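J.: Input: one structure, supplied below.
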């Protein structure tokens, strides 16, 4: 009887151990991937390796035996890791991902071969807040083999040379808050299907006149918090019927040349808040408002003198409500909407 009881206890313990080892299925066994953590929902399987101690431990986890029961994960995460400086070729072995999120860490080098295994599945890479100097260790990374790749966030790294990426699938590209300062026209020619680009806060001084001229699907452009002083003729002629907004706020712009923007973008919002504009040039702004563009112009240096008569008190026969198409303030603090048309009629 005692032997039988011992046998039942041992069997029960073995079964319990089996259940515990299998409880994470279809994740890999917990002991095999520690300190990484696998989490599941009904249709996702994510692997968080934020706690790995170094590159060697990370690689060993993906090269252990037996192999992982399933080779594809929805997302790889590594956040606030101050130990992994480089992702070398083959680090993930045969494992593939839909998304890779490596954020707020010490990562400086990321070889293209580190993610090559996921070229058929990878849709998104979020790499913000690291120390990356060159995306995939190339100045001209070729991403054409990544057939599903649509989203890249390199915000807040140490990229000094704008990466001339080649990809026909990339739609969203954030490279803001990097010490780049210069972008050439040709740097964006090889990503023709962009819809959303953020090149704010990079110290940009000059906006070349054909930088985004070939992009026919753009919806959002962020050029805020740079050091632009002039927007030249044709600089932001965008051949996209879907363009919704261009953000040029928080620069030092004091001159926008006529023809700088396209008059075919009905419904476009131009944000030039917090710049140094001091006159409202009729040749620049009137055609845009007539084309249906909305202007955000508050916190500039507008004197709101006779240069604004065309907008405040338009001539007889011109029924366009120019003032309603602008959100602006004078240097005196008066809003554009408070300006008296009779004053401009009588004193200009």
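J.: How large is the convex hull of the Cα atoms of segment 303-348 per residue, expressed in Å³ as a whole number? Intermediate values should be presented prior to the final figure.
T.: Working: hull volume 3.0 nm³, N = 46.
It comes to 65 Å³ per residue, whole-number rounded.
J.: Relative contact order of segment 26-180: what whole-number percent is it, with Cα pairs under 8 angstrom and at least 6 residues apart?
T.: Working: 369 pairs, mean separation 24.1, N = 155.
Relative contact order, segment 26-180: 16 percent.
J.: How big is the convex hull of the Cα atoms of segment 26-180, per residue, in Å³? Before the final figure, lay out each step's value.
T.: Details: hull volume 15.0 nm³, N = 155.
Taking the convex hull of the Cα positions in segment 26-180, it is 97 Å³ per residue.
J.: Something else: How far apart, in nanometres, would the label points at residue 257 and residue 332 be if each is projected 7 angstrom from Cα along the Cα-to-Cβ direction?
T.: 3.3
J.: Where in segment 82-123 does the amide nitrogen come within less than 17 Å of the point 7 Å from the Cα of residue 65, taken along Cα to Cβ?
T.: Under 17 Å, as judged by backbone N against the label point of residue 65, lie 93-94 of segment 82-123.
J.: Taking 0.36 nm per residue of separation and subtracting the Cα-Cα distance, what length does fully extending residue 266 through residue 220 add? Kindly include the intermediate steps, with their values, before the conclusion.
T.: Values: separation 46, 0.36 × 46 = 16.56 nm, distance 1.41 nm.
Result for the pair: 15.1 nm of gain on full extension.
J.: Take the Cβ-Cβ distance between residue 181 and residue 86 as r, set R0 to 25 Å, and report the resulting FRET efficiency rounded to the nearest 0.05.
T.: My answer for the efficiency is 0.45.
J.: Give me D for segment 29-118 in µm² s⁻¹, whole number, from Stokes-Einstein with Rh from the Kirkwood sum over alpha-carbon pairs, 20 °C and 1.002 mPa s.
T.: Working: Rh = 13.1 Å.
Using the Kirkwood radius from Cα pairs, D works out to 163 µm²/s.
J.: Let me ask you something else. Rank the residues 95, 246 as a footprinting-exposure proxy: fewest other Cβ atoms within 10 Å of their Cβ go first.
T.: Details: 95 20, 246 23.
Ranking 95, 246 by Cβ neighbours within 10 Å, fewest first, gives 95, 246.
J.: Quick one: 273, 109, 60, fewest Cβ neighbours within 10 Å first, how do they rank? Numbers along the way, then the final one.
T.: Details: 273 21, 109 16, 60 11.
Fewest-to-most Cβ neighbours within 10 Å comes out as 60, 109, 273.
J.: Could you work out how far apart the two model spin labels at residue 299 and residue 196 are, taking each label as a point 7 Å from the Cα in the direction of the beta carbon, and quote it in nm?
T.: That separation, rounded to one decimal, is 2.3 nm.
J.: Quick one: what do you get for the chain if you divide its Cα Rg by 2.2 N^0.38 Å?
T.: Values: Rg = 27.9 Å, N = 348, 2.2 N^0.38 = 20.3 Å.
Cα-based Rg divided by the globular estimate yields 1.37.
J.: For residue 44 and residue 111 in the same chain, what is the full-extension length gain: residue separation times 0.36 nm, less their Cα-Cα distance, in nm? Walk me through the numbers before you get to the answer.
T.: Values: separation 67, 0.36 × 67 = 24.12 nm, distance 2.64 nm.
Between residue 44 and residue 111, full extension yields 21.5 nm more.
J.: Okay, moving on. Counting pairs of alpha carbon atoms under 8 Å apart in space and at least six apart in sequence, what relative contact order in percent does the chain give?
T.: RCO, the chain: 7 percent.
J.: Between Rg and the Kirkwood Rh of segment 225-348, both from Cα atoms, what is the Rg to Rh ratio? Walk me through the numbers before you get to the answer.
T.: Values: Rg = 14.0 Å, Rh = 14.7 Å.
With Rh from the inverse mean 1/r over Cα pairs, Rg/Rh is 0.95.
J.: A follow-up question, please. In what order do 348, 330, 27 fall by count of nearby beta-carbon atoms within 10 Å, going from fewest to most? Walk me through the intermediate numbers first.
T.: Details: 348 13, 330 18, 27 22.
Going from least to most buried by this count: 348, 330, 27.
J.: Using a 7 Å offset from the Cα along the Cα-to-Cβ direction at both residue 94 and residue 232, what is the distance between the two label points in nm, to one decimal?
T.: Result for the modelled spin labels: 5.5 nm.
J.: If one takes the longest principal axis of the Cα atoms in the chain, at what angle in degrees, from 0 to 90 and to the nearest 10, does the Cα axis of helix 2-22 lie?
T.: It works out to around 20 degrees.
J.: For every helix of n ≥ 4 consecutive DSSP H residues, a contribution of -39,500 (n - 2.57) applies; sum these over the chain, divide by its total residues, and give [θ] at 222 nm rounded to the nearest 500 deg cm²/dmol. The partial results should precede the final answer.
T.: Numbers: 6 runs with 53 residues, N = 348.
Taking each H run of at least 4 residues, the total per residue is -4500 deg cm²/dmol.
Read-outs: derived from the displayed coordinates by stated rules, not from any lab. Keep in mind it's a predicted model, so treat the numbers as computed, not measured. Please note: Cβ atoms are built from the backbone with ideal geometry, for glycine as well, and neighbour counts cover all protein chains shown.
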